[in-house]
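Presented below is the structure to which this report refers.
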Amino acid sequence: MRVDSFAYLPRSFRARFERPPRLPGEDAEVWAPFGPRLAEATIGLLSSAGLHVEGEQEPFDVDRERREPLWGDPSWRAIPHGVAQGSLGMSHLHVNPADVLADHEVALPVRTLDALVEDGTVGGRAAAHVSVMGYQEAGLVEWRERTAPEVIDLLRSEGVDGIVLAPV
């Protein structure tokens, strides 16, 4: 089955984002060695679904994105590991949220991580995971200078050794 990543975007976006040019200074691959054995590592999840805990956290700013279609909210939300099914909201204009809201596992695979910890494949799980809003071209400078360091600080403070990216 072919997935059309542009199904929820204006057609004019396809040419702009289907084969994006490399950004200045972004020539090298991003790579960080993973030190511990996975069975001894604490793993966190990072979702690009724009998830937030309903009634406790502000949603991501989709109103500004509607006004400025090339902008994406560069903020982030810490999602507690034990968040109950049905308690997350999703703020993302480029993805149909129905499946994610029906089953959080689609964008934040907490139950899968729990199963990997239970069977000993993974050593432990983060107390909180992270959600950001995908689509960050216009906010890359802020993302690099503020968002990413804040997320890294949170994950390090929880003793996280590595993360699984859950893109949407």
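Could you give me the ³J(HN,Hα) list for the range 30-45, computed from phi with Karplus coefficients 6.51, -1.76, 1.60 and θ = phi - 60°, whole Hz, x at Gly and Pro?
8, 8, 9, x, 9, x, x, 5, 4, 5, 10, 9, 9, 10, x, 10
Across the Cα atoms of the range 119-168, what radius of gyration and what greatest pairwise Cα-Cα distance (Dmax) are found, in Å?
Using the Cα atoms of the range 119-168, the pair Rg, Dmax is 12.9, 42 Å.
With both partners inside the chain, how many of the DSSP beta bridges are antiparallel, as a percent to the nearest 5?
Within the chain, antiparallel bridges account for around 50 percent of the total.
Which of the peptides 106-117, 157-168 is most tightly packed, and how do the rest follow, going by the mean number of other Cβ atoms within 10 Å of each residue? Please report the intermediate quantities before stating the final value.
Numbers: 106-117: 17.6, 157-168: 15.9.
In descending order of packing, they fall as 106-117, 157-168.
Could you work out the relative contact order of the chain, using alpha carbon pairs under 8 angstrom and six or more residues apart, expressed as a whole percent?
Details: 260 pairs, mean separation 60.9, N = 168.
Reported relative contact order: 36 percent.
Could you sort the peptides 29-38, 61-70, 122-131, 90-99 by per-residue average Cβ neighbour count (10 Å cutoff), highest mean leading?
Numbers: 29-38: 7.9, 61-70: 13.2, 122-131: 21.6, 90-99: 18.2.
Sorting 29-38, 61-70, 122-131, 90-99 by mean packing, highest first, produces 122-131, 90-99, 61-70, 29-38.
For the range 111-143, run through the GluC sites (Glu not before Pro) and keep only the ones in DSSP coil with at most 16 other Cβ atoms within 10 Å of their Cβ.
Details: sites: E118, E137, E142; in loops: E137.
For GluC sites (Glu not before Pro) across the range 111-143 that sit outside H, G, I, E and B with at most 16 neighbouring Cβ atoms in 10 Å, the list reads E137.
Defining a contact as two alpha carbons under 8 Å apart and six or more residues distant in sequence, what relative contact order in percent does the range 96-168 show? If you can, show how the numbers build up before the last one.
On the way: 27 pairs, mean separation 25.0, N = 73.
Computed over the range 96-168, the figure is 34 percent.
What FRET efficiency do you get for D99 and R64 if R0 is 22 Å and r is their Cβ-Cβ distance, rounded to the nearest 0.05?
Result of the calculation: an efficiency of 0.30.
So how tilted is helix 148-157 from the main axis of the chain? Cα-based, degrees 0 to 90, rounded to 10.
Orientation of helix 148-157: about 10 degrees from the principal axis.
Near the amide H of H129, under 5 Å away, which other amide H atoms are found, from residues 5 or more places off or on another chain, if H is placed in the peptide plane?
Amide H neighbours of H129: I79, H81.
Can you pull the percent of Cα pairs in the range 39-166 with separation above 18 Å? Spell out each step's value before the answer.
Values: 4262 of 8128 pairs.
Here the tail beyond 18 Å accounts for 52 percent of pairs.
Just so you know, all these numbers are worked out from the coordinates, no wet-lab data involved. Just so you know, these numbers come straight off a predicted model, no measurement behind them. Every residue, glycine as well, gets a Cβ built from its backbone with ideal geometry; the counts of neighbours run over all protein chains shown.
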